[in-house]
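Student: Here it is: the structure, laid out below.
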Amino acid sequence: MSRSGLARFIRLGQQTDPVILDTIKRRAPSEFRPALSYHFEVAGKRMRAAMVVLSCGAAGGEVERAVKPAAVVEMIHNYSLVMDDLIDHGEVRRGRPTVRVVMGDSITLLVAMFYRELLDDLIENSPASDKVRRTAVKTMKEIIDGERLDLLLEQAGRTDPYLIENRISDPTFRLYLDMVGKKTASLFKAAGQIGAYAAKAETSVVNALGDFGWKAGLAFQVMDDVLDICGEKTGKQQAKDIIEHKLGNAAILVALRFLSRKDRQDLKRIIGSERVSKQMVKKVSSMVNKTPAERECREIAMKYLEDAKTSLSVLKPSPFRDALSDLADQVVARSY
């Protein structure tokens, strides 16, 4: 499928914006609406929402039925972003200041809480609302547990007794995959499943599209980790994981396998420092970049991508199935 063809389907994902903004307008006090609408003012790719729409079409459904369910997925995504920025003190999102920088932490917490309440309204007005609700609830629980694991992989910077007592200082790659599977891939999986539900698809199709989303989501996160350490412009704070003392980054974990004992100790010491300076960030980035970590992570992401595409083989050939494959390609093809 051509780029113009793919862009047309991406625009279907962006059709969730009016649905969400209308819900905000109906449910929120007028003075609170700017804070609630802030996250939706930037015309992003709406990748997960697009996946819902495309999955519905690939499952043989009418894509118009998928717009409201796609809004549910997009709202969950934005809820998770706001909470993530609040927990991690994030300053840049989608190339501009985060809502917490503009509105403050207290209002940001209320924004996240209101997003959670708006989900009920969006779900109630969605096709297959019962199945969408069950999937949404399960996915949000997984995202929360993924966030918890991500916090436990931080090596410094917090004084919470639970995090200090349960900190994970020597994570395996399997643990990393468990964390990102819950925090990131679970919503991609939900996007595929919810799109199939909107199409009234059979269980085998629901499972296939969920499996596609899961594996595409893992590929997405591995590449996102690579770009955080090895990339250039991403619209996000660069080397964020180093600054936030995180070992839960694919590139860092792979690099640790190749570094000398001394370099491994130095890298962990820097990430475990209470304050990570610019010089420290450069040193860790240099240490990672001198290993095959970037290449190996790209290969891991590519393997998940190919497995994701294989999951689509149970679906009948269609422009929507092709578009899902193309959308997954964009995950690994990102260069910034």
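Student: How high is the relative contact order of the stretch 200-266, in percent, counting Cα pairs under 8 Å that sit 6 or more residues apart?
Tutor: Relative contact order here is 22 percent.
Student: Explain nothing, just compute: Karplus ³J(HN,Hα) = 6.51 cos²θ - 1.76 cosθ + 1.60, θ = phi - 60°, for every residue of the stretch 50-56 in order, whole Hz, x for Gly and Pro.
Tutor: So the Karplus estimates, Gly and Pro as x, are 4, 5, 4, 4, 5, 5, 4 Hz.
Student: Using a Förster radius of 45 Å, what is the FRET efficiency between residue 306 and residue 33 based on their Cβ-Cβ separation? Nearest 0.05, please. Walk me through the intermediate numbers first.
Tutor: Values: r = 44 Å, r/R0 = 0.97.
Using R0 = 45 Å, I get an efficiency of 0.55.
Student: Looking at the stretch 240-336, which trypsin sites (Lys or Arg not before Pro) are DSSP coil and have at most 15 other C-beta atoms within 10 Å of their C-beta? Before the final figure, lay out the partial values.
Tutor: Values: sites: 240, 246, 257, 261, 262, 264, 268, 269, 275, 278, 282, 283, 290, 295, 298, 303, 309, 321, 334; in loops: 275, 290, 334.
Those that pass, being in a loop and sparsely packed, are 275, 290, 334.
Student: Using only DSSP helix segments of four residues or longer, with each worth -39500 (n - 2.57), what per-residue ellipticity at 222 nm results for the chain after dividing by its residue count and rounding to 500? Please list the in-between numbers first.
Tutor: Values: 18 runs with 237 residues, N = 336.
Result for the chain, helices only: -22500 deg cm²/dmol.
Student: A follow-up question, please. Between residue 172 and residue 258, what is the label-to-label distance in nm when each label sits 7 Å out along the Cα-to-Cβ direction?
Tutor: Reported label-point gap for residue 172 and residue 258 is 2.3 nm.
Student: Now for a different question. Under 18 Å from a point placed 7 Å out from the Cα of residue 41 along the Cα-to-Cβ direction: which residues of the stretch 99-120 have their backbone N that close?
Tutor: Those under the cut-off are 99-112, 115.
Student: Name the long-range amide H neighbours of residue 92: under 5 Å, sequence gap of 5 or more, or other chain; modelled H, no Pro or chain starts.
Tutor: Amide H neighbours of residue 92, under 5 Å, 5+ apart: 98, 237.
Student: Here are some pairs, 183/278; 278/309; 25/45; which of them have Cα atoms lying more than 32 Å apart in this structure? Write out the running numbers ahead of the final one.
Tutor: Working: 183/278 28 Å; 278/309 40 Å; 25/45 23 Å.
Pairs exceeding the cut-off: 278/309.
Student: With θ set to phi - 60° and the Karplus curve 6.51 cos²θ - 1.76 cosθ + 1.60, what are the ³J(HN,Hα) couplings of the stretch 192-200 in order, to the nearest whole Hz, using x for Gly and Pro?
Tutor: Once rounded to whole Hz, the list reads x, 5, 5, x, 5, 4, 4, 8, 6.
Student: As an exercise, use a Förster radius of 56 Å and the Cβ-Cβ distance of residue 130 and residue 92 to find the FRET efficiency, rounded to the nearest 0.05. The partial results should precede the final answer.
Tutor: Numbers: r = 38 Å, r/R0 = 0.68.
Computed FRET efficiency for residue 130 and residue 92: 0.90.
Student: Could I ask something else about it? Listed here are the pairs 138/303; 138/189; 240/282; 131/182; 141/303; 262/290; which of them are more than 21 Å apart at the Cα? Write down the numbers at each step before the final one.
Tutor: On the way: 138/303 27 Å; 138/189 11 Å; 240/282 12 Å; 131/182 19 Å; 141/303 27 Å; 262/290 15 Å.
Check vs 21 Å cut-off fails for 138/303; 141/303.
Student: While we're looking at this one, here's another question. Just flag the GluC sites (Glu not before Pro) in the stretch 54-88 sitting in loop per DSSP whose Cβ has no more than 14 other Cβ atoms within 10 Å.
Tutor: Values: sites: 62, 64, 74; in loops: 62.
Listed in order of number, the matching sites are 62.
Student: For the stretch 32-170, restrict the atom set to alpha-carbon positions and state the Rg and Dmax in Å.
Tutor: Final numbers for Rg and Dmax: 16.8, 51 Å.
Student: Give the residue list of GluC sites (Glu not before Pro) in the stretch 268-309 that are DSSP loop and have at most 14 other beta-carbon atoms within 10 angstrom. Kindly include the intermediate steps, with their values, before the conclusion.
Tutor: Values: sites: 274, 294, 296, 299, 306; in loops: 274.
Counting only loop positions with at most 14 other Cβ atoms within 10 Å, the GluC sites (Glu not before Pro) in the stretch 268-309 are 274.
Student: Separate question: With the radius of gyration and the Kirkwood radius both derived from the Cα set of the chain, what is their ratio Rg to Rh? Walk me through the numbers on the way to the answer.
Tutor: Details: Rg = 19.8 Å, Rh = 20.4 Å.
Taking Rh as the inverse mean 1/r over Cα pairs, Rg/Rh reads 0.97.
Student: Shifting gears a bit: At 0.36 nm per residue, and after removing the present C-alpha to C-alpha distance, how many nm does the segment from residue 116 to residue 26 gain when stretched out fully? It would help to have the intermediate numbers written out before the result.
Tutor: Working: separation 90, 0.36 × 90 = 32.40 nm, distance 1.53 nm.
Taking 0.36 nm per residue and subtracting the Cα distance, the gain is 30.9 nm.
Student: Another one. Largest first, please: the extent of the C-alpha atoms of the stretch 146-235 along each principal axis, to the nearest Å.
Tutor: 48, 33, 22
Throughout, read-outs are computed from the coordinates displayed, never taken from laboratory work. A quick note: this is a predicted structure, and the numbers were derived from the prediction, not measured. Positions of Cβ are generated from backbone atoms using ideal geometry, with glycine treated the same way; all protein chains shown enter the neighbour counts.
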